[in-house]
Amino acid sequence: NAGVTQTPKFQVLKTGQSMTLQCAQDMNHEYMSWYRQDPGMGLRLIHYSVGAGITDQGEVPNGYNVSRSTTEDFPLRLLSAAPSQTSVYFCASRSTGLAGANVLTFGAGSRLTVL
Amino acid sequence: AQRVTQPEKLLSVFKGAPVELKCNYSYSGSPELFWYVQYSRQRLQLLLRHISRESIKGFTADLNKGETSFHLKKPFAQEEDSAMYYCALWGYSTLTFGKGTMLLVSP
């Protein structure tokens, strides 16, 4: 199993450009989520999904869109990038099958710079 | 709303010294707490969770509901313990992280 795979690893955008960060998992996990990691701020939840067709907002959803058409994939879209979205983005998934085992498996991260 | 507080941004100790990384939480229900670790340029990985009551790499953490704390401890720090440590709480279908504590262990 590859686990949680994120692409691209690095990306530089200009203000106003759009892009999609890809996230795929091969563990048949129902739950997937996106976090951003900023110095001094820890990890903050952007969006999450408890299953295909279901998404919800986290702590910092503004400027980001998500969709969940399949169990495996959970892309994060930036429609009009802003310098404030310069960050490292982490995708994570979790199986809902095990009671009391709310452990997230993280991807390697995508470092985004918006100029 | 749930909240996780890690009061120290940086903790610097010498090899062999005891380590305690503090974590306090706020949550109205029964909490489920975790410690995650991120070594330099690596992805986050689970270190331990309170349900398991286990010791991983010499680290332990005990949930104190009265003090709403879940401090991470290790009696003798090693240089390879240098990393960013995050306390996290699972509740309302989300995992909420603290801001993290950087642990630096010097020789």
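Each reported figure results from applying straightforward, stated rules to the coordinates on display, with no laboratory input. Computed from a predicted model, the values in this text were never measured in an experiment. Neighbour counts run over all protein chains shown; Cβ positions are idealised from the backbone, glycine included.
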Filtering the range B:88-97 down to residues that are of a type outside the set (S, T, N, Q) and out of contact with any Phe, Trp or Tyr (no Cβ under 6 Å at 6 or more places or on another chain), which residue is surrounded by the most Cβ atoms within 10 Å (Cβ to Cβ)? B:L95
Can you list the strands (runs of 3 or more DSSP E) lying wholly within the range A:1-64 that have 3 or more residues being touching a residue at least 12 places away in the same chain (Cβ under 8 Å)? A:4-7, A:10-13, A:19-25, A:31-38, A:42-51
Only one residue in A:V50, A:V103 is within 14 Å of chain B (Cβ to nearest Cβ), surrounded by 14 or more Cβ atoms within 10 Å (Cβ to Cβ) and within 21 Å of B:Q38 (Cβ to Cβ), so which one is that? A:V103
Across the range B:51-76, what is the total count of residues that are within 14 Å of the chain's Cα centre (by Cα) and away from chain A (no Cβ under 14 Å)? 15
How many residues are surrounded by 17 or more Cβ atoms within 10 Å (Cβ to Cβ) and farther than 21 Å from B:F97 by Cα if we restrict to the range A:54-65? 0
Checking B:P7 against (1) surrounded by 15 or more Cβ atoms within 10 Å (Cβ to Cβ); (2) within 14 Å of chain A (Cβ to nearest Cβ), which single condition isn't satisfied? (1)
Flagged in the range B:1-15 as assigned to a loop (DSSP other than H, G, I, E, B) and closer than 17 Å to B:W35 by Cβ, in numbering order, are B:Q2, B:Q6, B:P7, B:E8, B:K9
